[in-house]
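Take a look at the structure below.
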Ligand code: HH2
């Protein structure tokens with residue numbers, strides 16, 4: 001646009017017009033959907049509605065509206081004067097389109113700027129994790145591994161002592177604590193930035209008392225909302241992950257009517273729970289839960305459509321590292337690649353996640369992931385006039 005001779009101010013005004021924004025508006029009655037469609041058409045955009053909207057027989061449901069940002073904002077303002085709940089829809093649309101750009105992520109005393117992608121190193125103090133079970137069960141081995149990952153550039157260490165792989169056996173809180181406490185003590189003495197991967201309040205409490213800055217709950221606060229209160233009291237952040245069901249049975253039924261919509265609705269409810277418990281918005285992370293109650297194909301769709309999760313307004317964490325769908329994609333002669341031979345897929349998906357806007361990537365292979373993430377960040381913001389630093 002500048003090369004055509006346009007003023008920078010003109011570019012700022014016109015660039016958004018080169019882009020169509022599509023939004024899904026939920027919970028509309030047939031009359032509301034009708035009015036919305038008319039308003040969108042009158043402004044130059046359009047709306048996709050249920051086929052029976054025109055006969056007013058459509059059940060309450062969603063519409064998809066699309067147009068330029070300006071057209072959508074115009075419609076949103078005009079909805080203020082409309083009945084059938086459209087004024088609230090208008091406010092929600094404006095809230096989304098006028099929301100400020102992402103701010104820093106605050107975890108305990110750490111403040112991470114939005115342009116930096118964090119690499120979260122995985123430390124499983126378990127006998128049975130799917131890729132590294134048994135390797136770091138001894139506290140000295142775990143602490144040496146932690147040191148190695150920090151040296152490789154991990155921003156956070158995600159420490160867990162219960163495997164959540166499909167079919168994993170349940171572990172009681174006392175055993176979970178027994179495994180993890182010596183490691184948490186060692187990491188606290190080192191001042192390492194720790195995320196605690198747990199759904200058990202006693203474990204979260206013990207970790208926060210030792211300075212953990214993030215509570216990573218794979219149940220998304222469904223099992224124990226107290227986790228959010230513990231995080232709030234300690235000034236730690238919370239990661240709300242989507243999982244359908246529980247690890248022992250989660251792969252048995254992976255049918256979704258609307259995969260991305262259902263994942264986002266569950267995450268939005270988790271974020272609301274965390275906010276109610278007093279966790280500041282700047283400290284709440286969402287995660288689509290790759291591999292947790294999803295087929296391989298669904299994992300890929302969630303990654304491809306990851307950008308949509310940004311409308312939740314929270315930083316997104318993605319964990320694909322070594323997961324079984326990557327083994328299937330790297331199969332040789334019908335035999336899936338084993339967990340320790342899934343690095344290429346882990347890096348490809350980490351790169352895709354960063355390009356789609358993920359702010360945190362959870363990984364076992366920290367050195368390689370840090371390098372892949374730096375390339376993805378550079379790609380995302382590359383301009384011809386900015387040379388690479390040596
Ligand atoms: N994946 C695993 C565990 N915790 N937490 C978040 N937020 N996101 C994830 O994708 C995620 C997670 C599973 O990986 P791993 O810890 O290596 O395996 P296991 O659960 O068998 O210990």
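Volume per residue of the convex hull around the Cα atoms, evaluated for the range 89-242, comes out as 135 Å³. Of the DSSP beta bridges with both residues in the chain, give the percent that are antiparallel, rounding to the nearest 5. Percent antiparallel among DSSP bridges in the chain is about 30. I need the fraction of alpha carbon pairs in the range 203-248 separated by more than 16 Å, rounded to a whole percent. Percentage above 16 Å: 33. Sorting 203, 260 by the number of Cβ atoms found within 10 Å of their own Cβ, with the fewest placed first, yields 260, 203.
In plain terms, the bigger the Kirkwood radius, the slower the diffusion; for the range 42-137, with that radius from Cα pairs, at 20 °C and 1.002 mPa s, Stokes-Einstein puts D at 118 µm²/s.
Counting every other Cβ atom within 10 Å of each residue's Cβ, 117, 383, 320 order from fewest to most as 383, 117, 320.
Rg over Rh for the range 271-360 works out to 1.06, using Cα positions for both radii and the Kirkwood form for Rh.
Between the beta carbons of residue 60 and residue 330, assuming R0 = 51 Å, the FRET efficiency works out to 0.70 to the nearest 0.05.
Computed over the Cα atoms of the range 122-212, pair by distinct pair, the Kirkwood hydrodynamic radius stands at 12.9 angstrom. Highest-first packing order for the peptide set 153-164, 135-146 is 153-164, 135-146, based on the mean count of other beta carbon atoms within 10 Å.
The Rg/Rh ratio for the chain, using Cα coordinates for both the radius of gyration and the Kirkwood hydrodynamic radius, is 1.01. Pairwise inverse Cα distances across the range 1-86, averaged and inverted, put the Kirkwood hydrodynamic radius at 14.0 Å. Compared with the dominant Cα axis of the chain, that is its longest principal axis, helix 86-97 is turned about 60°. Computed from label points 7 Å out along Cα-Cβ, the spacing between residue 147 and residue 249 is 4.5 nm. When the Gaussian network model of the chain links Cα atoms closer than 10 Å, the mean-square fluctuations of 120, 366, 375 top out at 375. Panel order for 50, 255, by other beta carbons found within 10 Å of each beta carbon, from fewest to most: 255, 50. Residues of the range 18-36 with the amide nitrogen closer than 18 Å to a label point 7 Å from the Cα of residue 310, along Cα-to-Cβ, please. Under 18 Å, as judged by backbone N against the label point of residue 310, lie 18-24 of the range 18-36.
The Cα center of the range 200-264 and the Cα center of the range 353-390 differ in position by 27 Å. Need one number: the % of Cα-Cα pairs in the range 349-390 sitting beyond the 17 Å mark. Counting every Cα pair in the range 349-390, those more than 17 Å apart make up 31 percent.
When only alpha carbons of the range 280-326 are considered, Rg and Dmax amount to 11.4, 35 Å.
Relative to the current alpha-carbon distance between residue 135 and residue 24, full extension at 0.36 nm per residue lengthens the span by 35.4 nm.
Over the residues of the chain, the helix contribution to mean residue ellipticity at 222 nm works out to -12500 deg cm²/dmol, using -39500 (n - 2.57) for each DSSP H run of at least 4.
Taking Cα atoms only, the orientation of helix 30-43 departs from the longest principal axis of the chain by about 70 degrees. In a solvent-free Debye calculation with one equal scatterer on each Cα, what is log10 I(q)/I(0) for the range 204-294 at q = 0.15, 0.23 Å⁻¹, listed in the order of the q values? Scattering profile of the range 204-294, log10 relative to I(0): -0.54, -1.05. Take every pair of alpha-carbon atoms less than 8 Å apart whose residues are at least six positions apart; their mean separation over the length of the chain yields a relative contact order of 12 percent. Compared with the dominant Cα axis of the chain, that is its longest principal axis, helix 259-276 is turned about 70°.
No value in this document is a laboratory result; all are computed from the given coordinates. Bear in mind that the values here come from a model prediction, so they are computed numbers and not experimental data. Neighbour counts are summed over all protein chains in view; Cβ atoms, including those assigned to glycine, are modelled from backbone coordinates with ideal geometry.
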